[in-house]
Amino acid sequence: AQSVTQLGSHVSVSEGALVLLRCNYSSSVPPYLFWYVQYPNQGLQLLLKYTTGATLVKGINGFEAEFKKSETSFHLTKPSAHMSDAAEYFCAVSGFQGAQKLVFGQGTRLTINP
Amino acid sequence: KAGVTQTPRYLIKTRGQQVTLSCSPISGHRSVSWYQQTPGQGLQFLFEYFSETQRNKGNFPGRFSGRQFSNSRSEMNVSTLELGDSALYLCASRTGDQETQYFGPGTRLLVL
């Protein structure tokens, strides 16, 4: 069984500040991990994913995440927030074999203050 | 390539009715998955189809069903609608296992 916990349903940062969105997962098998972003009235857009190999993953729009197996974490960061980053962010986990569904966290709404 | 398309984008139904939602995957993608998104339950997996066969199913009642056609297009049907079925229904497609799922814009269903 797999599950995802996103710490903080709402995060607010100032424009230009560091963005840190927290994600912890539970998985009985080696996980594939994802971050998706959802803008109002839109579907989900993939920011980045970890499958195997390098644990620091770089994604689109300046975001990156680090897979830490010992901490079962996959936190999302961006050095400098931009107004356009305001959206809802979802962390998701899936298994690595066969037809695996995505299991999502509850989401974190990111607000950027000018 | 065109992205995943879903029709209709918005839908209003009344309790007891049934509804059919459509999803056209990205060209070449043979797998289509459906997810329900609600404020209370978040994003939940409904089912996945691959080459016209359902091969994974979430924990939803039998009122929720789906199918996939030979051109990989998929439909999802909900019968005997309940107020709690009001949600954003998202479709995602991918080429195969372990590949990234790409999401459509969703169909927002309101049940009155």
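In the list A:Val13, A:Val4, A:Val29, which residue meets the criterion of being in a strand (DSSP E or B) and in contact with a Phe, Trp or Tyr (Cβ under 7 Å, 6 or more places away or on another chain)? Steps first, answer last, please.
On the way: A:Val13 fails: in contact with a Phe, Trp or Tyr (Cβ under 7 Å, 6 or more places away or on another chain); A:Val29 fails: in a strand (DSSP E or B).
Just a single option satisfies the conditions, and that option is A:Val4.
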* Asked: Of everything in the stretch B:1-32 that's among the hydroxyl-bearing types (Ser, Thr, Tyr), modelled with pLDDT of 95 or more and in a strand (DSSP E or B), which residue is most open to solvent (accessible area, probe 1.4 Å)?
  -> B:Tyr10
* **Residue list for the stretch B:55-76, restricted to those being more than 25 Å from B:Gly16 (Cβ to Cβ), more than 10 Å from every other protein chain (Cβ to nearest Cβ) and not charged (D, E, K, R)** => B:Gln68, B:Phe69, B:Ser70, B:Asn71, B:Ser72
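Residue by residue through the stretch A:2-35, note down the ones that are open to solvent by 40 Å² or more (accessible area, probe 1.4 Å) and either at positive phi or of a type in the set (Phe, Trp, Tyr) (or both). Reasoning before the result, please.
In the first step, residues of the stretch A:2-35 are kept if they are open to solvent by 40 Å² or more (accessible area, probe 1.4 Å); the result is A:2-3, A:5, A:7, A:9-10, A:12, A:14-16, A:18, A:20, A:22, A:24, A:26, A:28-30.
Of everything in the stretch A:2-35, just one residue is open to solvent by 40 Å² or more (accessible area, probe 1.4 Å) and either at positive phi or of a type in the set (Phe, Trp, Tyr) (or both), namely A:Gly16.
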* To do: Taking the residues in the stretch B:77-105 that are within 13 Å of chain A (Cβ to nearest Cβ) and among the small types (Gly, Ala, Ser) as candidates, determine which candidate is surrounded by the fewest Cβ atoms within 10 Å (Cβ to Cβ).
  => B:Gly96
* Asked: Only one of (1) within 9 Å of chain A (Cβ to nearest Cβ); (2) open to solvent by less than 20 Å² (accessible area, probe 1.4 Å); (3) among the hydrophobic types (A, V, I, L, M, F, W, C) is not met by B:Phe50, so which one is it?
  -> (2)
* Output the residues belonging to the stretch B:59-76 that are within 20 Å of B:Arg30 (Cβ to Cβ) and either touching a Leu at 6+ places or on another chain (Cβ under 6 Å) or open to solvent by 60 Å² or more (accessible area, probe 1.4 Å) (or both). => B:Arg67, B:Ser70, B:Asn71, B:Arg73, B:Met76
* Members of the stretch B:7-47 found to be within 13 Å of another protein chain (Cβ to nearest Cβ) and of a type in the set (S, T, N, Q), listed by number -> B:Ser31, B:Ser33, B:Gln36, B:Gln37, B:Thr38, B:Gln41, B:Gln44
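Would you check if B:Gly40 is closer than 20 Å to A:Phe34 by Cβ, modelled with pLDDT under 95 and assigned to a loop (DSSP other than H, G, I, E, B)?
Details: closer than 20 Å to A:Phe34 by Cβ: no; modelled with pLDDT under 95: yes; assigned to a loop (DSSP other than H, G, I, E, B): yes.
Taking the combined requirement at face value, the residue does not satisfy it.
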* Complete set of residues in the stretch A:98-114 that are open to solvent by 30 Å² or more (accessible area, probe 1.4 Å) and modelled with pLDDT of 95 or more -> A:Gln106, A:Arg109, A:Thr111, A:Asn113
* Output yes when any residue across the stretch B:49-60 is touching a Phe, Trp or Tyr at 6+ places or on another chain (Cβ under 8 Å), among the acidic types (Asp, Glu) and in a strand (DSSP E or B), and no when none is. => no
* Asked: Taking the stretch B:88-109, which residues are farther than 16 Å from A:Phe104 by Cα and within 15 Å of the chain's Cα centre (by Cα)?
  -> B:Ser93, B:Arg94, B:Gly104, B:Pro105, B:Gly106, B:Thr107, B:Arg108, B:Leu109
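The values are calculated or read from the model by the stated rules, or taken from the named source; none is laboratory data. No experiment lies behind these values; they were computed from the predicted model shown. Note: ideal-geometry Cβ built from the backbone for every residue, glycine included; neighbour counts use all protein chains shown. What goes into the accessible areas is simple: the full protein's heavy atoms, side chains included, and nothing from ligands, DNA or RNA. Shrake-Rupley method; radii C 1.70, N 1.55, O 1.52, S 1.80 Å.
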